[in-house]
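Everything below concerns the one structure shown next.
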Amino acid sequence: MEAPSFAYSASSSSLLSLRKTPPSSLRLSRFSNTKHRNFSVRASSSGDSVVTLLDYGAGNVRSVRNAIRFLGFEIKDVQTPQDILNASRLVFPGVGAFAAAMEVLSKTGMDEALCSYIEKDRPFLGICLGLQLLFESSEENGPVKGLGLIPGTVGRFDSSNGFRVPHIGWNALQITKDSGILDDVGNHHVYFVHSYRAMPVYDNNEWISSTCDYGDKFIASIRRGNVHAVQFHPEKNVGLSILRRFLNPKSNMTKKPGEGKASKLAKRVIACLDVRANDKGDLVVTKGDQYDVREHTNENEVRNLGKPVDLAGQYYKDGADEVSFLNITGFRDFPLGDLPMLQVLRYTSENVFVPLTVGGGIRDFTDSTGRYYSSLEVASEYFRSGADKISIGSDAVYAAEEYLRTGVKTGKTSLEQISRVYGNQAVVVSIDPRRVYVKDPNDVQLKTVRVSNPGPNGEEYAWYQCTVNGGREGRPIGAYELAKAVEELGAGEILLNCIDCDGQGKGFDVDLIKLISDAVSIPVIASSGAGAPAHFSEVFNKTNASAALAAGIFHRKEVPIQSVKEHLLKAGIEVRL
């Protein structure tokens, strides 16, 4: 595990102890700047190559660490409030839920040190939640008070206007004033992943350096003096230039002419790597046909399409908007014991600066000694190893079934636990359904759809039965019912597979994807069946999918990622270049 950033976050137990409802001391009331402790301030002796990082113990901070090191800087972790005030430059990559972050900052005294540091106009860069916490309050699990340095309340996106919440993906900026650090990104897409945002009002106008349109115009970045903060993630792709300009403002970099044509949220093209141990125990990328990953030979060996870290790096260079790892070995024993998969994440995140999602076996466990591990502990280790999002499969099906049976949210399911601490934008639910044809929709009590291609006996309707354990076991719940339930339980995104289409190369199951993307207000990723660039434009034109994922055609180099994006551009669909 990454070395602890300061004593309070020395282990995941600091986050596990956080309550859903913040204590009364964090309830809404503007932070009083007159209550700051009288910390001493002295110049840092660490040198110009050192960056002080405030890591309060949640989310994927490893990607920020890797980006800083990639740019040639060293990192000094905050251990005490005094370390904040001794910093020559401070980066605060806030990830997760507002209330959980404020509770940690308050208990450790970091809140007062932060305010003191920023009020003295010291070099500061807040990222994502690190921007939101600067405002007076947030509606997330609240109202909860923030640091109170910028006027305004952080509220949830409005999904009633048809926009998906969370706001996930590569969107465009509208730069409102010279901010220095944004010089290279004005015409390019930058990466957002959040459900809450701060809105421009008269009282905070002097702070705003850029905005973004997503249903409403919200604050994308702020700047006053040496204080900067961004809602998006500058450690991702073109955003690295923002980190570079902040960390080295005296460099001789000149403003580059804009080459991008970003105007709105782009549709995402995602490369998926199914990872499992082969018969020799080595982790390999494989690809199945309807979930069968073994070669049809006498040896019946696991299909080997390459090494996970190498392929992920290649897809990043090829222009993939995200990389998704699915560990289909299944963690038959204990997920935290699967050190090779954790290493895959760590090594990949060192040089791949797009979002990483990992799935497989994220659920509650009791090991052979009787030691219990919650799904939150398991997910926390994956976040600390470089994952931006985690994907839950079978465990989400069981949770949804119980919720639909009782109508009660227990707060104990993996979905609820993880989304409460890290935010629902960090939780993906992977649904693995297969078609069940029926002649009459009244034959079943589950949601059916009229299919484009009739069934083997001429059936015009089908429902989609969810499966668990890698598609080996069917469950009495449909994909429609599951999707609705997991959205309520805290999922922020749905990865929608289709066993019937997997590996067939005949296109996505548009009937299924339209059914689910119309039913939920969270983003849906189309998966299974892509065989040509035209399949991507078809699914984007005919459904409300926010992204489309492929595996085999990329692994076998049948269709390059750039060919997909060039096709989408010609079809009038915005993509990240």
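The values are calculated or read from the model by the stated rules, or taken from the named source; none is laboratory data. None of the values given here were measured: they were computed from a predicted structure. With ideal geometry, Cβ positions are generated from the backbone for all residues, glycine too; neighbour counts draw on all protein chains shown. Surface accessibility is based on the protein's heavy atoms, side chains included, excluding ligands, DNA and RNA. Shrake-Rupley method; radii C 1.70, N 1.55, O 1.52, S 1.80 Å.
Before moving on, here are some points about what is shown:
- Residue among Ile181, Ile222 that is closer than 29 Å to Val323 by Cβ and of a type in the set (Val, Ile, Thr): Ile181
- Residue match in the range 188-196 (condition: farther than 16 Å from Leu131 by Cα, touching a helix residue (DSSP H, G or I) at 6+ places or on another chain (Cβ under 7 Å) and assigned to a loop (DSSP other than H, G, I, E, B)): yes
- Each residue in the range 63-116 was checked for being more than 18 Å from Ala426 (Cβ to Cβ), open to solvent by 10 Å² or more (accessible area, probe 1.4 Å), touching a residue at least 40 places away in the same chain (Cβ under 8 Å) and among the aliphatic types (A, V, I, L, M), and 1 pass.
- Screening Leu496 against (1) without any contact (Cβ under 8 Å) to a residue 60 or more places away in the chain; (2) at negative phi; (3) buried (at least 24 other Cβ atoms within 10 Å of the Cβ) leaves a single unmet condition, (1).
- Strands (runs of 3 or more DSSP E) (entirely within the range 63-143) containing at least 3 residues that are under 26 Å from the mean Cα position of the chain (by Cα) and closer than 30 Å to Leu345 by Cα: 74-77, 90-94, 124-128
- Every residue from the range 523-573 that is farther than 25 Å from Asp500 by Cα and surrounded by fewer than 19 Cβ atoms within 10 Å (Cβ to Cβ): Gln562, Ser563, Glu566, His567, Leu569, Lys570, Ala571, Gly572, Ile573
- Close pairs from the range 201-214: first without any contact (Cβ under 8 Å) to a residue 24 or more places away in the chain, partner in a strand (DSSP E or B), Cβ under 9 Å, at least 6 apart: Tyr202/Pro151; Glu206/Arg224
- Residue in the range 203-224 that is under 17 Å from Val61 (Cα atoms) and either of a type in the set (A, V, I, L, M) or open to solvent by 10 Å² or more (accessible area, probe 1.4 Å) (or both) present: no
- Filter result for Val449 (touching a Leu at 6+ places or on another chain (Cβ under 7 Å), not assigned by the TED database to the domain that holds Tyr196 and not aromatic (Phe, Trp, Tyr)): yes
- Lone qualifier among Asp48, Asp111 - being touching a helix residue (DSSP H, G or I) at 6+ places or on another chain (Cβ under 7 Å), among the acidic types (Asp, Glu), farther than 23 Å from Lys236 by Cβ and at pLDDT 50 or above: Asp111
- Subset of the range 170-181 (residues that are without any contact (Cβ under 8 Å) to a residue 60 or more places away in the chain and closer than 16 Å to Met199 by Cα): Gln174, Ile175, Thr176
- Of all residues in the range 365-390, exactly one satisfies the criterion of being basic (Lys, Arg) and touching a Pro at 6+ places or on another chain (Cβ under 8 Å), namely Lys389.
- Helices (runs of 4 or more DSSP H) fully within the range 461-577 counting 2 or more residues that are over 23 Å from Arg435 (Cα atoms): 479-489, 533-542, 552-555, 561-570
- Flag if Thr369 is surrounded by fewer than 19 Cβ atoms within 10 Å (Cβ to Cβ) and either outside the structural domain of Asn237 (by the TED database) or touching a residue at least 24 places away in the same chain (Cβ under 8 Å) (or both): yes
- Condition check for Pro476: open to solvent by 60 Å² or more (accessible area, probe 1.4 Å) and assigned by the TED database to the domain that holds Gly360: yes
- Every listed requirement among (1) in a loop (DSSP other than H, G, I, E, B); (2) within 30 Å of Ser517 (Cβ to Cβ); (3) open to solvent by 10 Å² or more (accessible area, probe 1.4 Å) is met by Ser160 save one, (1).
- Apart from one condition, Asn33 fits all of (1) of a type outside the set (A, V, I, L, M); (2) touching a Ser or Thr at 6+ places or on another chain (Cβ under 7 Å); (3) modelled with pLDDT under 95; the exception is (2).
- Matching residues, the range 52-69, being in contact with a Phe, Trp or Tyr (Cβ under 9 Å, 6 or more places away or on another chain) and modelled with pLDDT of 85 or more: Leu53, Leu54, Asp55, Val61, Arg62, Ser63, Asn66, Ala67
- Extreme residue, most open to solvent (accessible area, probe 1.4 Å), among residues of the range 415-433 that are modelled with pLDDT under 95 and not aliphatic (A, V, I, L, M): Arg420
- Residue that is in contact (Cβ under 8 Å) with a residue 40 or more places away in the chain, more than 25 Å from Ala101 (Cα to Cα) and surrounded by 20 or more Cβ atoms within 10 Å (Cβ to Cβ), where the choices are His194, His189, His167: His189
- Members of the range 131-142 that are modelled with pLDDT under 95 and either of a type outside the set (Asp, Glu) or open to solvent by 40 Å² or more (accessible area, probe 1.4 Å) (or both): Asn141, Gly142
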